[in-house]
Amino acid sequence: MAITLTETATREIKTIIEQQELDGEKVRLRVGVKGGGCSGFSYILDLTEQEKDTDEQFDHDGIKVVCDPKSYLYLNGTTIDFKDEIMGRGFVFNNPNASSTCGCGSSFNA
C-alpha cells in the first residue's frame, strides 16, 4: 500500500507550491504523525526540500511525498483529500489504521 493524494489534494498542493514560489523539482510533501492532539496522534503536512535515505517515497502526479518509517506504520493506506466547504477548508486524512478520530479530523487514535 502507500500514501495517496486525491486529485483535489494534488491540485491544492501544486497551487500552494506555485503561490509560495517554491521549486517544484526540489520540494517534497512531508507527511507524518506526532504524539498529541485530542485523540493521541496529530497529522503533519509540510513542504520541505529535505528527505532522508530512510523515508518512504511516493510520487503522485508530480508531487513527491515522503514519510518517515515510524509515521508510515500509522499512515500506510491513508488517502489525503482537500475539502473546501462552507464549514471550512483544509486537508482531510482518510486513514484505515485509525481506530477513532477527533471531531476536527486533525488527530486520531490507532
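The values are calculated or read from the model by the stated rules, or taken from the named source; none is laboratory data. Note that the structure is predicted; figures quoted are calculated from it, not measured. So basically every Cβ, Gly included, is an ideal-geometry build from the backbone, and we count neighbours across all protein chains shown.
Number of residues in region 26-73 that are surrounded by 16 or more Cβ atoms within 10 Å (Cβ to Cβ), within 15 Å of Ala98 (Cβ to Cβ) and among the basic types (Lys, Arg) equals 0. In region 85-93, is there at least one residue being among the acidic types (Asp, Glu) and surrounded by fewer than 17 Cβ atoms within 10 Å (Cβ to Cβ)? Yes, region 85-93 has at least one match.
Table: residues versus (1) at pLDDT 90 or above; (2) farther than 17 Å from Asn95 by Cα; (3) under 12 Å from the mean Cα position of the chain (by Cα); (4) assigned to a strand (DSSP E or B).
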residue: Lys14; (1), (2), (3), (4): yes, yes, no, no
residue: Leu22; (1), (2), (3), (4): yes, yes, no, no
residue: Leu47; (1), (2), (3), (4): yes, yes, yes, yes
residue: Lys52; (1), (2), (3), (4): yes, yes, no, no
residue: Val66; (1), (2), (3), (4): yes, no, yes, yes
residue: Lys70; (1), (2), (3), (4): yes, no, no, no
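Going through region 75-101 one residue at a time, which ones are at pLDDT below 90, closer than 18 Å to Val31 by Cβ and not in a strand (DSSP E or B)? Once the filter is applied, which keeps residues that are at pLDDT below 90, closer than 18 Å to Val31 by Cβ and not in a strand (DSSP E or B), region 75-101 yields Asn95, Pro96, Asn97, Ala98. Considered as a group, the residues in region 32-45 that are under 13 Å from the mean Cα position of the chain (by Cα) and over 20 Å from Gln19 (Cα atoms) include one that is modelled with the highest pLDDT, and that residue is Gly32.
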